[in-house]
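So the structure is just underneath, and the comments pick up after that.
The values are calculated or read from the model by the stated rules, or taken from the named source; none is laboratory data. Predicted model, so just to flag it, every value in this text is computed and none were measured. Cβ coordinates were reconstructed from backbone atoms using ideal geometry, including for glycine residues, and neighbour counts include every protein chain displayed. The accessibility values were calculated without ligands, DNA or RNA, using every heavy atom of the protein model including side chains. Shrake-Rupley method; radii C 1.70, N 1.55, O 1.52, S 1.80 Å.
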There are 2 protein chains.
Amino acid sequence: MKYQESNLVPHKSALMSTAANILNEDVCLPAAVIKKAALENNIQWMQRYADARGVSLAPHGKTTMTPWIFQQQQQAGAWAVGVGSAWQASIAMVSGVKRVLMVNQLVGKANMQLVAKLKNEYQDVDYLCCVDSVANAKTLSAFFSAQNQRLDILIELGVPGGRCGCRTAEQALALAEEISGLPGLRLRGLELYEGVLHGENPQPEVEALLRDAAALACQLERYVEGEFILTGAGSVWYDVVCNIWLEANKPANCRVVIRPGCYITHDKGIYQEAQDELMARDKVACDLGGDLVSALELVAMVQSVPENDRAIVNFGKRDSAFDAGLPQPVAHYRQGKLLKQPAETIETTGIMDQHAMLKLKPGAEVQVGDILVFSTSHPCLTFDKWKALLLVDEEYNVLETLETAF
Amino acid sequence: MKYQESNLVPHKSALMSTAANILNEDVCLPAAVIKKAALENNIQWMQRYADARGVSLAPHGKTTMTPWIFQQQQQAGAWAVGVGSAWQASIAMVSGVKRVLMVNQLVGKANMQLVAKLKNEYQDVDYLCCVDSVANAKTLSAFFSAQNQRLDILIELGVPGGRCGCRTAEQALALAEEISGLPGLRLRGLELYEGVLHGENPQPEVEALLRDAAALACQLERYVEGEFILTGAGSVWYDVVCNIWLEANKPANCRVVIRPGCYITHDKGIYQEAQDELMARDKVACDLGGDLVSALELVAMVQSVPENDRAIVNFGKRDSAFDAGLPQPVAHYRQGKLLKQPAETIETTGIMDQHAMLKLKPGAEVQVGDILVFSTSHPCLTFDKWKALLLVDEEYNVLETLETAF
């Protein structure tokens, strides 16, 4: 499209000066910012956790889809990067990631063609995806063997009422038996996502699923040559996954892989709650020192104060997740200066496509042109609203523009 | 970022062959498609409606942020394109749009710098934005007069408990008086968005607001040189806006401008309901012939059928709006052939980041690899999940890749 050739500014939170500072209004607001120190802390903390447990870390890349972050995670010691689609796998490989765990089924001719192309282009990259049906296994084998390629796969184990995955050990074993006769496939292990278990107190169910998986892995061992990959764990139950799988009987040459994603920027919402619970129950995490901290913030400007107890800021559903709590103010600046009034006197109560509505409680004094910094909840759906996020230092100087690839 | 230079495929619904057909699996699924005939119908229908009413049309561009669509709307006769931010204004201008109505406040030094740059670069473009406070008016005037520029503005009228906008005629008149003494601003008219009025039966409130606005416009007339712009109307109340404003006393040289946005692709959810109600009450729309039709669809593939009454497809919150009803199946294909079983036997019941959960009712027979076509609700939040949407004909041949600019 011709419009991009003459684009004046490359993305919506464009820098309008060099050495841009956000509080100095050098950046088109709203902007999504990542605090560098907090990001580095989180990358290091989760890697240290995996190292302390003796498991491998495959951060789920779908959260950020940000090549620069993939690179930081890999450099810090991540064994792989997790992705959810062939497109996401292509971005991970183009970013230099050396092992890509597509924790999803690969379906459709075009998606298979893309993976075949990637396997040719990046022969040093270890790419794996998941299979949960004989139908899919046969289609994949036919396609990849016709390309003279072999696809590395994990069998997915699921739960009744959940998402994908074989529902029983019998199904999984029958599938492994089929796969062993298919020339285009090579079985490498077993995958699950315990995060589909919800409810009042899902921990017993999570533990039972993990025990079942370890027992199943022992039965699948004979179908796998070399190392057996056993992988699970989002950002909520990664300690429990380690507890159960490290103690369980499992294949002799077994690599346990955890795949948290949202830890990367953490939040001050649903993942903060989950991590607080984890810290309360897990001695390893407690003894590690430090903790995950919120690294992703939205910075927006007050554009209207139309009523005494009501202000409107210039971010909306086009800029932020809103499915797990609204972004809430954590700091308030006027002409570059931090105001002393507590951010808690301002509450985000509503959101539209391009606006958010704030309730001003007693003590809140807000003016048009004030800058508010908001914490977020559920980072995934904030990242995908931005072509670029801004990496900043503690003074909100912009250090780097981080392009995303959604 | 280096990763883009060697990008293998440019966006997530990449075409893997020339002369790509979606049902032939030539495109990485999921994909967001726009049916060309439906899109053209909608562009023409709304333009004919505005023409029949003798009002000007300024389609809200924030819905699509798709330059090619902006161009089609302008070519069909749109008087302007509406936008919600300085960034969006830049995209409209770079796309060749000749009048940009930023129906929002312009705040922050960087956003003002961007607009100043646009005004220099695109001197033939008529750019307007909204003001609802003396504070904002003074800041804007100081900035733009320092650039030897003059900013064209509309006063925004709001409602108590609503979004931006002056809450009373007195406030608006006092603001107009201030503006008349500010060298960097030129008042051009009055703006409102009646869509903030919700509730059981908002029509009487909407009508009262519109009458108040017309009366206020008469009082503001003396502050405006030449044509007076009076603008409102999203995709729900555009008939009522015409009814009230065309009959009301208003400034002698008054241009009424309606700004629907979501009509462009329409949907089979909240906007279908709104349009059905409009057709039932508005003779002009009824007599016009034809109607808006749903033009935006999601095409996804079944990746797992783990239970008899449950299937999983490969789109999720990363691909679709979910704030106004989930996408629902409208067609079911297997190996390129339309199946006869009614799409109503399949219901989307849940959505995660990369997956949607389908309930299979009696009569539904679904296999891994089947293609399902989904209608959508609330187009805005589906568009912004895609770097590119695919323009298709009735046989789902891809005619054009439409880049978005979010």
Can you compute the label reach from A:E221? Point 7 Å from Cα along the Cβ direction, backbone N cut-off under 13 Å, restricted to the stretch A:245-273. A:248-255
Global form of chain B, assessed from the alpha-carbon gyration tensor, a/c cut-off 1.5: prolate
Using only atoms on other chains, find how many Cβ atoms lie within 10 Å of each Cβ of peptide B:110-117 and report the average. 6
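Using a 1.4 Å probe and counting only protein heavy atoms, arrange A:E191, A:E207 so the residue with the most accessible area comes first.
Working: A:E191 5, A:E207 45 Å².
Largest accessible area first, the residues go A:E207, A:E191.
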Residues of the stretch B:165-204 losing 30 Å² or more of accessible area relative to the isolated chain, 1.4 Å probe, heavy atoms only? B:R167
Highest-MSF residue in chain A out of A:Q73, A:Q219, A:Q328 [GNM, Cα springs under 10 Å]: A:Q219
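When the helix-only estimate is applied to the protein assembly as shown (DSSP H runs of n ≥ 4, each -39,500 (n - 2.57), divided by the residue count), what is the mean residue ellipticity at 222 nm, nearest 500 deg cm²/dmol?
Values: 24 runs with 255 residues, N = 812.
That comes out to -9500 deg cm²/dmol.
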Note: B vs A interface, total accessible area buried (1.4 Å probe; ligands, DNA, RNA excluded), nearest 100 Å², is 7100
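What is the magnitude of the charge dipole of the stretch A:60-260 about its Cα centre, with +1 placed on the Cβ of each Lys and Arg, -1 on the Cβ of each Asp and Glu, and no other charges, expressed in debye to the nearest 20?
Its charge dipole is roughly 700 debye.
Over the stretch B:60-260, what is the mean sequence separation of C-alpha contacts under 8 Å (at least six apart), divided by residue count, expressed as relative contact order in percent? Let's see the in-between values first.
Working: 361 pairs, mean separation 28.4, N = 201.
Relative contact order here is 14 percent.
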Choose one answer from B:A274, B:A388, B:A58: the residue with the largest mean-square fluctuation in a GNM of chain B with alpha-carbon springs under 10 Å. B:A274
Just grab the label-to-label distance for B:R150 and A:L8, each label 7 Å out from Cα along the Cβ direction, in nm (one decimal). 2.0
Mind checking the full-extension length gain between B:E200 and B:D393? Use 0.36 nm per residue of separation minus the Cα-Cα distance, one decimal, nm. 65.5 nm
Among B:H378, A:L175, B:L399, flag the residue with its Cα farthest along the positive direction of the charge dipole of the protein assembly as shown, charges on Cβ as +1 for Lys/Arg and -1 for Asp/Glu. B:L399
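Using a 1.4 Å probe on the protein heavy atoms, what percent of the accessible area of the protein assembly as shown belongs to carbon and sulfur?
Working: 13180 of 28330 Å².
Percent of accessible area from carbon and sulfur atoms in the protein assembly as shown: 47.
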If you take every DSSP beta bridge fully contained in chain B, what fraction is antiparallel? Give it as a percent rounded to 5. 50
Taking A:Q203 in one copy and the same position in all the others, each labelled 7 Å out along Cα→Cβ, what are the pairwise distances from the first, in nm, shortest first? 5.6
Percent of C-alpha pairs per 5 Å bin, the stretch A:145-212, short to long: 4, 16, 23, 21, 14, 10, 7, 4, 2, 0
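Using 19 Å as the Cα-Cα cut-off, could you pick out the over-long pairs in A:K62/A:K138; A:K337/B:K109; A:K35/A:K283; A:K268/B:K62; B:K12/B:K385; A:K36/A:K340?
Details: A:K62/A:K138 27 Å; A:K337/B:K109 16 Å; A:K35/A:K283 28 Å; A:K268/B:K62 29 Å; B:K12/B:K385 10 Å; A:K36/A:K340 24 Å.
The answer is A:K62/A:K138; A:K35/A:K283; A:K268/B:K62; A:K36/A:K340.
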In nm, what does the list of distances from A:L246 to its counterparts in the other copies look like, shortest first, when each label sits 7 Å along Cα to Cβ? 7.4
Over the Cα atoms of the protein assembly as shown the radius of gyration and the largest Cα-Cα distance (Dmax), both in Å, equal 27.4, 87
Name the residues of the stretch A:77-103, by number, that are at least 50 Å² less accessible with every protein chain in place than in the isolated chain; the surface is that of heavy atoms, probe 1.4 Å, without ligands or nucleic acids. A:W87, A:V94
Heavy-atom accessible surface, probe 1.4 Å, ligands and DNA/RNA ignored: which residues of the stretch A:369-399 lose at least 50 Å² versus the isolated chain? A:L381, A:D384, A:K385, A:K387
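Based on the Cβ-Cβ distance of A:E307 and B:A76, what FRET efficiency does E = 1/(1 + (r/R0)^6) give at R0 = 51 Å, to the nearest 0.05?
Numbers: r = 39 Å, r/R0 = 0.77.
Efficiency, rounded to the nearest 0.05: 0.80.
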Every other copy gets compared here: list the nm distances from the B:G363 label point (7 Å along Cα to Cβ) to its counterparts, shortest first, one decimal. 6.0
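How high is the relative contact order of the stretch A:241-311, given as a whole-number percent (alpha carbon pairs under 8 Å, six or more residues apart)? Write down the numbers at each step before the final one.
Numbers: 32 pairs, mean separation 18.8, N = 71.
Averaging sequence separation for qualifying contacts and normalising by length gives 26 percent for the stretch A:241-311.
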What residues from the stretch A:134-151 fall in the zone where the backbone N is under 19 Å from a label point 7 Å along the Cα-to-C-beta line of A:T168? A:134-135
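Under the classification rounded if a/c is under 1.5, otherwise prolate if a/b is larger than b/c and oblate if not, where does the stretch A:79-133 fall, given a ≥ b ≥ c as square roots of the Cα gyration tensor eigenvalues? Intermediate results must be reported in sequence, preceding the final value.
Values: a/c = 1.81, a/b = 1.26, b/c = 1.44.
Note, shape of the stretch A:79-133 comes out oblate.
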Per residue, in Å², the accessible surface of the stretch B:187-325 once ligands and nucleic acids are set aside, probe 1.4 Å: 37
